[in-house]
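Take a look at the structure set out below.
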Amino acid sequence: MLILFIIVWGLAIGWIAQFIVFGAGRPTALALFAGLAGSFVGGLLVSLLSGDGLDLKASGIIGSIVGAVIILFVVKLVRDRATKS
């Protein structure tokens, strides 16, 4: 059950991150998977660095969003660079 919650949470974080980086629109698969990765990496790092452990706290939620935004921003930069070349 915990794994299912983590997946659904990561997808929701991906949708929020896409809204921040690209603006309003339907969530894309890339945004959802970036949300999963950003949620895992960002949330885990921030939670452990803040001393909250693996509990669900505000620091992990903020870290999840920041991690997903960073991943989507990097993807956007790479795509923009690829289309200009």
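Miscellaneous remarks
- Residue within the range 43-57 that is buried (at least 17 other Cβ atoms within 10 Å of the Cβ), modelled with pLDDT under 75 and touching a Leu at 6+ places or on another chain (Cβ under 8 Å) present: yes
- Residue count for the range 59-73, restricted to those that are closer than 14 Å to G10 by Cβ, in contact (Cβ under 8 Å) with a residue 24 or more places away in the chain and either touching a Lys or Arg at 6+ places or on another chain (Cβ under 6 Å) or of a type outside the set (V, I, T) (or both): 4
- The C-beta contact set for the range 74-85 (first residue touching a residue at least 40 places away in the same chain (Cβ under 8 Å), second residue part of a helix (DSSP H, G or I), distance under 7 angstrom, 6+ apart or interchain) comprises V75/L30; V75/A34; K76/V21.
The values are calculated or read from the model by the stated rules, or taken from the named source; none is laboratory data. The model shown is predicted, which means the values in this text are computed figures rather than measured ones. Don't worry about glycine lacking a Cβ; one is built from the backbone with ideal geometry, like all the others, and counts go over all protein chains shown.
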